[in-house]
Amino acid sequence: MNIVSFAIGALSMVGLIIIGLAVTGVVKAYQALKRISDAEFAADTFKTETSILFNNNADELVRRINEVERDTHQHISLTERNLYDSIQNESRVVKSYVDSRIDKLEKPKPIKAKPTDVNPQITDAVTQKVLIKD
């Protein structure tokens with residue numbers, strides 16, 4: 001009986017060790033699955049938050065680009081309007097100046113001859129010719 005009780009004791013020890021190892025393996029597997037599940041949840045959360053931040057940043061970037069584009073178009077329109085007005089003003093000034101020059105050219109200058117303005121030699125020559133003809 002000694003041998004049988006020794007064998008039963010040895011087998012029960014082996015059984016207890018196997019059960020202990022099995023329980024330890026199951027607990028470690030459960031913990032590993034829990035860590036994997038937590039890591040997947042963290043990865044999904046990170047992915048979601050990153051996607052939200054990216055979309056918000058993309059929306060903000062599009063909004064800012066639209067603002068810059070609108071401001072640029074307004075600046076171009078204002079500059080174009082100012083340039084057009086400046087060209088129109090300069091055109092009026094040039095036309096006015098040219099018209100005044102043309103008017104001066106078209107007006108005959110009145111000849112106002114005063115006896116004192118006439119060259120005495122010419123007066124003498126004309127007088128002599130008139131005298132000679134008489």
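Out of curiosity, is residue 81 at pLDDT 95 or above and assigned to a helix (DSSP H, G or I)?
Yes.
Check the range 106-113 and report whether any residue there is in a helix (DSSP H, G or I), more than 48 Å from the chain's Cα centre (by Cα) and surrounded by fewer than 10 Cβ atoms within 10 Å (Cβ to Cβ).
Scanning the range 106-113, I find at least one residue that is in a helix (DSSP H, G or I), more than 48 Å from the chain's Cα centre (by Cα) and surrounded by fewer than 10 Cβ atoms within 10 Å (Cβ to Cβ), so the answer is yes.
Which residue, of 76, 52, 102, is part of a helix (DSSP H, G or I), surrounded by 10 or more Cβ atoms within 10 Å (Cβ to Cβ) and modelled with pLDDT of 95 or more?
After ruling out the rest, the residue left standing is 76.
The values are calculated or read from the model by the stated rules, or taken from the named source; none is laboratory data. Because the structure is predicted, anything quoted here is derived from the model rather than measured. No Cβ is skipped: glycine too gets one built from the backbone with ideal geometry, and neighbour counts run over all protein chains shown.
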